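Worksheet: the structure to be examined is printed underneath.
Computed from the coordinates by the stated procedures, all read-outs in this text should not be read as laboratory data. These numbers come from a predicted model, not from an experiment. Using ideal geometry, Cβ is built from the backbone for each residue, glycine included, and neighbour counts are taken over all protein chains shown.
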Amino acid sequence: MQKIWSVISQIWTDRDIRNKLLLTCAMLFVYRMLAHIPVAGIDRVALANLFSGSQLLGLLDIFSGGTLANFSLIALGLGPYINASIIVQLLTVIFPKLEELSKEGEYGREMINQYTRLLTIPIAILQGFGMYLLLKGQGVIGNLNPVLLLAFIVTMTAGTMLAVWIGELITEYGVGNGISLLIFAGIVGRLPVTLGQTFVTYETLNPLNIIVFVVAGLVLIAAVVFMNEASRNITVHYARRVKAGQSGGSQVTHIPLRLNQAGVIPIIFAISLVLLPSLAAQLLEKVGNPQVALVARNVAAFMDPNKIAYNLIYFTLVVAFTYFYTAVVFNPEKIAEEMKKYGGFIPGIRPGEATTAYLTAVLNRITLVGAFFLGGLAVLPAVAQSVFQISSLSLGGTGILIVVSVVLETTKSLQSQLLAKSYDRFI
């Protein structure tokens, strides 16, 4: 405890870090205030009934940080920016010029970020229009003339870009990753509401069930921390080199292969796909063609989040995207080439193709563990509903994974800044 207070004292007494923390808190406060400024023309009672009766929209609301249920100026949240980031990452793998640009240091990263911002605008426009169609079909918003519809879409798009700007301010001048912190703030800000909804709808509310529920939550948090930090270290030796007639000693280092190499990205990938049929079905249910409406109702019934089929598809997509994203961020062939180039080798493994095969085999095994863990987190709300007899569970393992990951990332950022400050004293 004394060590913790000592670290807090060091953070607060350092003016630069203190100013960064204060700016971060101020930006988070502004973001949460914007989340409570409602858009005009929305029927609040109909909106509340819509979200209370749809687990699908409740899940989207968790990712938006509660801005969707309030339907505030930033109702779309950071969803369009996250989708744009995913698309740009995929395009970086497909197009060699983008891949070369991503490796050009600070300039390349800034250009990639600029492309992501530009792509966010059309995605926000499409999502804003889709949200209008959904709300109109459910009677939450009335028919808008072209001018009012344009104003509605512009408001949604501007709110998203404002949230992106706030996130980038935190990243540049504050502490930690701004986009991650905004998502974290949204989930934590909605935590009292989601817990209240969970316990209000608890059909068998008794002390034993509450204790089991709380203990299960603590175990889940511990598991998320363990999986987030766990890694398999591959020992690498670098051969001796002779310079000016002197033989230098060999170096030993490690390649850390994390069990959860992809973080929360596979769940975001999967949820974007698995929610698409349900959202499209909700839009098409109101069309005049009875055959199209019938197909839409069948699709909506099949993709019900409480059904086994939905959760199996969701789990499979998370596992598949975990392998896909891990292959994008970690290339065993490139690592093996770099090791061979600088005289590195894994003990007992020949450099070159044998090293590539070995790294691929190890990566596939540990990724399987991480993929099944992420898949389990994704379908956890459905499992918890059946085990604890909860008719509505708004916060699942995905939200906990995001919260824990952001806390660990921000803590490491603060530790690195404190370490840098301690080195400054010797310069």
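Relative to a virtual label point 7 Å from the Cα of Ser272 in the Cα→beta-carbon direction, which members of region 123-155 show backbone nitrogen distances below 16 Å? Taking a point 7 Å out along Cα→Cβ of Ser272, the residues of region 123-155 whose backbone N falls under 16 Å are 123-128. Between Val93 and Phe129, the contour length at 0.36 nm per residue exceeds the Cα-Cα span by 10.0 nm.
Extension gain Lys307-Tyr107, at 0.36 nm per residue separation less the Cα-Cα distance, in nm? Mind showing how you got there, number by number?
Values: separation 200, 0.36 × 200 = 72.00 nm, distance 4.76 nm.
Value of the extension gain: 67.2 nm.
Beyond 29 Å in Cα-Cα separation lie the following of the pairs Lys340/Lys412; Lys97/Lys341; Lys20/Lys334; Lys97/Lys412: Lys340/Lys412; Lys20/Lys334; Lys97/Lys412. Close amide-amide hydrogen proximity is noted between Arg232 and Leu257, Arg258, Leu259, each under 5 Å apart and 5 or more residues distant or on a separate chain (H modeled in the peptide plane; Pro and chain starts excluded). Shape of region 60-186 from the C-alpha gyration tensor: prolate (a/c of 1.5 or more and a/b above b/c, with a ≥ b ≥ c the square roots of its eigenvalues).
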